[in-house]
Amino acid sequence: MFLSVLLSVVGLGFLCWLLFSLAVYALPFFVAVTVGYYTFESGAGPIGAIAVALFAGAVALILGQVAFATIRSPTIRLAIGALYALPAGVAGFHAVKGLSETGSAGETWTLIFASIGAIIVGATAWVRIASFAGSETQSGDVDSHHAGYTAREG
């Protein structure tokens, strides 16, 4: 009995870790599946569809990271972050809802847990996409600006 409870807790912990780790990839995964399905339906075959899907997902991820890191407008960065965080929040909602239903929680508590899970997973995805911008570029900009200002003063 103790071993099954321990393994259940470890298993749920692993699923939560996996959910948080993969949350930021919800949008690129959606893009990859959509493009792959469209490519397959247009007659490219399974190998071609998989190759195009992998390429499309990688491009979606890299473009989002580069755009978030280079664009300085807070409004556009907010939109890019939301574009990645909202699908992750939806995925988190359904994952936590499924886990809560498996644990036989009541309907009200299931929705409460799922809503809290959606907020936490969406916030985690937001923090991860924001971390792609890197603090080195921001501190490097400040240092180079400060160095230029000091050189002009002296």
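Observations, loosely collected:
- q = 0.15, 0.18, 0.23 Å⁻¹: log10 I(q)/I(0) that the Debye formula gives for the range 14-128, counting C-alpha atoms only: -0.75, -0.92, -1.11
- Viscosity 0.890 mPa s, temperature 25 °C, Stokes-Einstein D of the range 71-117 from Kirkwood C-alpha radius, µm²/s: 208 µm²/s
- Val10 - accessible surface, heavy atoms, 1.4 Å probe, Å² rounded to 10: 90 Å²
- The phi torsions of the range 65-72, fed into the Karplus equation with coefficients 6.51, -1.76 and 1.60 and a -60° offset, translate into couplings of 5, 5, 5, 5, 6, 9, 7, 9 Hz, rounded to whole numbers, with Gly and Pro shown as x.
- For the range 92-108, Karplus couplings with θ = phi - 60° (6.51, -1.76, 1.60), whole Hz, Gly/Pro x: x, 4, 6, 5, 5, 5, x, 5, 5, 5, 5, x, 6, 7, x, 4, 5
- Note on Val5 and Val127: their simple-model spin labels are 3.0 nm apart, each label 7 Å out from Cα toward Cβ.
The values are calculated or read from the model by the stated rules, or taken from the named source; none is laboratory data. Note that this is a predicted model, so its numbers are computed, not measured. FYI the Cβ positions are ideal-geometry reconstructions off the backbone, even for glycines, and counts take in every protein chain you see. These accessible areas exclude ligands, DNA and RNA; they are computed on the full protein's heavy atoms, side chains included. Shrake-Rupley method; radii C 1.70, N 1.55, O 1.52, S 1.80 Å.
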